[in-house]
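J.: Handing you this structure, nothing more for now.
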Amino acid sequence: MKIYARGVLVKTHARVPAGHRSTDVEDLPAERTAYALRDIDRLVADASAHGAAVGEFAKVVLDHPLPWTKMRQVYKLLGLCRRYGDDRTDAACRRALDAETDSVTVVGRMLERALEAETTEDDPVPDNVIRGRFARGDDHFAVTPSGVTR
């Protein structure tokens, strides 16, 4: 295939079978190459520039059999960095990693509600628990190797 501009040959592409395409990376704008080529490593590097936890969270999101289907989620994560700042987003991603979630929507809600820095304290176990006389002991519910309870 030959491409002309005002009668001047500009570009040639080799013939490809029907249903296929020929894309020359040199024809793409430099700032759009990562989008067009589905460059996962570039996305992780961009996310890591906003914070270590953001980069690690991006890796978790992209850890998928078809990672290019999750690229928009990482773009959303980068948008959260621009909107709420790197420090807050990094803290929210760290908290999301601790909770073992890979949902960018959850990170966004944490940032909207300003929950990224909130910590949860464990409720102390009361030491005055009274066992009722009707309560059975643990050995009553034990299962034998044959599967029958005692």
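J.: Let me know the charge dipole size of segment 1-144 about its Cα centre in debye, to the nearest 20, where only the beta-carbon of Lys, Arg (+1) and Asp, Glu (-1) is charged.
T.: Values: 22 positive and 24 negative charges, 248 e Å.
Dipole of segment 1-144, to the nearest 20 debye: 1180 debye.
J.: Please identify every one of the GluC sites (Glu not before Pro) in segment 78-131 that sits in a loop by DSSP and has no more than 14 other beta carbons within 10 Å of its own beta carbon.
T.: Values: sites: Glu100, Glu112, Glu116, Glu118, Glu121; in loops: Glu100, Glu116, Glu118, Glu121.
In loop regions of segment 78-131 (DSSP not H, G, I, E or B), the sparsely surrounded GluC sites (Glu not before Pro) are Glu100, Glu118, Glu121.
J.: Please report how far the C-alpha centroid of segment 71-86 lies from that of segment 33-48, rounded to the nearest whole angstrom.
T.: Result: 13 Å between the Cα centres.
J.: Evaluate Rg over Rh across segment 1-78, taking Cα atoms for both radii and Kirkwood's formula for Rh. If you can, show how the numbers build up before the last one.
T.: Numbers: Rg = 17.4 Å, Rh = 14.9 Å.
Radius of gyration over Kirkwood radius for segment 1-78 works out to 1.16.
J.: So, one more: P(r) for segment 31-120: what percent of alpha-carbon pairs falls in each 5 Å bin, starting at zero?
T.: So the P(r) values, bin by bin, are 3, 16, 29, 25, 15, 8, 3, 1, 0.
J.: Are there trypsin sites (Lys or Arg not before Pro) in segment 58-132 that DSSP marks as loop and that have at most 12 other Cβ atoms within 10 Å, and which are they? The partial results should precede the final answer.
T.: Working: sites: Lys59, Lys70, Arg72, Lys76, Arg82, Arg83, Arg88, Arg94, Arg95, Arg109, Arg113, Arg131; in loops: Arg113, Arg131.
Answer by residue number: Arg113, Arg131.
J.: In addition: Among all the aspartates and glutamates, which ones have a C-alpha under 17 Å from Lys2's C-alpha, if same-chain residues fewer than 8 places away are not counted?
T.: In chain and number order, the partners are Asp24, Glu26, Asp27.
J.: Please give the direction-averaged projected area of the C-alpha convex hull for the chain, in square nanometres with one decimal.
T.: Taking the Cα atoms of the chain, their convex hull projects to 19.7 nm² on average.
J.: Place a point 7 Å from the Cα of Ala36 along the Cα-to-Cβ direction; which residues of segment 1-26 have their backbone N under 13 Å from it?
T.: The answer is 22-26, whose backbone nitrogens lie closer than 13 Å to the label point.
J.: Next up: Sorted from fewest to most neighbouring beta carbons within 10 Å, what does the list Ile3, Ile40 look like?
T.: Listed from fewest to most nearby Cβ atoms, that is Ile3, Ile40.
J.: Could you tell me the calculated FRET efficiency between Thr23 and Ala49, based on Cβ-Cβ distance and R0 = 41 angstrom, to the nearest 0.05?
T.: Numbers: r = 27 Å, r/R0 = 0.66.
Once rounded, the FRET efficiency stands at 0.90.
Computed from the coordinates by the stated procedures, all read-outs in this text should not be read as laboratory data. Fair warning: this is a prediction, and the values are worked out from it, not measured in the lab. Glycine gets a Cβ as well: all are built from the backbone with ideal geometry, and neighbour counts include every protein chain shown.
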